[in-house]
Amino acid sequence: MTKPCFRFAPSPNGHLHIGHALSALLNVRAAVALSGRFFVRVEDIDQTRCTPQLEQDMFEDLAWLGVPLDEPSPRQSEAFPFYRAALEKLQDLGLVYSAFLTRSEIKTFVTEYEADGNTWPRDPDGAPLYPGDLAVLSEEDVQIRADSDASFALRLDMKKALARISSDLCWQEAGAEGKSLFDPGNRVPVEADRWGDVILARKDTPTSYHLSVVVDDARQGVTDILRGQDLYHATSVHRVLQELLGLPEPRYRHHRLVLDADGRKLSKSNQDTSLSALRADGLSHADLRRRIGL
């Protein structure tokens with residue numbers, strides 16, 4: 001039987017907050033309970049926002065939390081060739097296309113579409129689905145951008161992708177908080193069509209979160225993914241990519257979120273919940289655990 005493997009994968013593009021503390025500690029607890037492995041992965045694709053100082057602060061916060069840092073943490077910035085290979089495999093399958101519309105053009109199109117009382121479809125995160133270049137541009141304009149140095153995104157043709165895989169694709173949602181970690185959970189049907197044509201990479205960025213996370217988890221032998229409820233629906237996209245790329249299926253566990261006073265998800269820009277600020281104010285481990293419900 002494969003030994004369970006858990007990971008905590010923060011991005012050093014801001015200071016960790018108490019929501020990250022909950023996720024990290026739950027992963028450590030689960031790995032210990034199941035006699036499994038745990039490691040920290042540094043998700044530093046964004047080389048502009050991810051800085052050495054923020055990374056140092058992040059590791060100091062994790063050490064203060066008591067998160068094991070016994071081995072060198074793998075970095076996404078060192079794995080670009082693996083993402084490129086995965087992207088090329090999807091391109092060879094004819095499932096990737098260049099999309100030239102800017103965020104501003106998409107926003108304007110959707111605003112004008114909905115001005116007459118219509119509703120444009122949105123993904124589970126609330127972002128409008130990509131309308132396709134020809135909804136805004138002429139074929140000539142698309143060709144001009146393709147022949148120039150215009151920015152573009154590489155998107156997965158979700159309709160074609162879903163046609164290549166089983167229509168009853170699911171994921172295993174295993175026991176999370178409040179349940180035994182040995183609870184097998186249940187199978188959840190994939191609804192990837194709700195996401196439309198997700199971005200896999202950009203002209204100046206060799207991968208996206210969706211692509212890199214499935215490649216990394218497979219390469220690093222991650223068997224159990226315990227992460228926040230905000231990523232629950234994204235699991236549909238990840239299962240589709242795993243199937244297309246021939247990657248193993250991990251078990252998923254999605255835990256509750258720590259919300260602010262207004263009931264919103266915490267942000268790295270919200271300093272009053274950052275671990276560094278709370279530590280400086282004298283927060284103890286016991287105080288932290290009470291605050292996050294542990």
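Other residues with beta-carbon under 13 Å from the beta-carbon of residue 73 carry, at +1 per Lys or Arg and -1 per Asp or Glu, a net charge of -4.
Per residue, the convex hull spanned by the alpha carbons of the range 78-192 comes to 201 Å³. A Cα-only calculation for the range 183-294 places Rg and Dmax at 17.4, 49 Å. Taken one residue at a time, the phi angles of the range 33-47 give Karplus couplings (6.51, -1.76, 1.60, θ = phi - 60°) of 4, 9, 6, x, 9, 9, 8, 9, 10, 8, 9, 10, 4, 6, 6 Hz. Gly and Pro are set to x. Around the amide H of residue 228, modelled in the peptide plane, lie the amide H atoms of 255, all under 5 Å away and 5 or more residues distant in sequence or on another chain. The shape of the range 1-71 can be summarised by an equivalent ellipsoid whose semi-axes, obtained from the alpha carbon gyration tensor, come to 23, 13, 10 Å from longest to shortest. The share of Cα pairs per 10 Å bin across the range 196-260, counted from zero up to the longest distance, runs 19, 51, 26, 4 percent. Taking the longest Cα principal axis of the chain as reference, the axis of helix 235-245 is set at about 70 degrees.
If we count other beta carbons within 10 Å of each Cβ, what is the order of 50, 170, fewest first? Each step should come with its number before you reach the end.
Details: 50 20, 170 15.
By the 10 Å Cβ count, ascending, the order reads 170, 50.
Once you divide the Cα radius of gyration of the range 56-96 by 2.2 N^0.38 Å, the number left is 1.86. Legend: Rg and Dmax of the range 42-144, from Cα coordinates, 20.5, 58 Å.
Built from the Cα atoms of the range 83-138, the convex hull projects on average onto 5.3 nm², one quarter of its surface area. What pairs from 89/265; 89/203; 159/203; 107/159; 89/160 go past 26 Å between their alpha carbons? In this structure, 89/265 lie more than 26 Å apart at Cα.
Expressed as a whole percent, the proportion of Cα-Cα pairs in the range 1-40 lying more than 11 Å apart is 62%. (1) 1.09; (2) 0.98; (3) 0.93: which one is Rg/Rh (Cα atoms, Kirkwood Rh) as calculated from this entry? Here Rg/Rh (Cα atoms, Kirkwood Rh) agrees with entry (2). Stokes-Einstein diffusion for the range 129-224 at 4 °C, viscosity 1.567 mPa s, with a Kirkwood radius from C-alpha pairs, works out to 78 µm²/s. Close amide-amide hydrogen proximity is noted between residue 171 and 188, 190, each under 5 Å apart and 5 or more residues distant or on a separate chain (H modeled in the peptide plane; Pro and chain starts excluded).
We did not get these values from a lab; they are worked out from the coordinates using the rules stated. In this text, all values refer to a predicted model and were calculated from it rather than measured experimentally. When we count neighbours, we look across all protein chains shown, and the Cβ atoms used for this are built from the backbone with ideal geometry, even at glycine.
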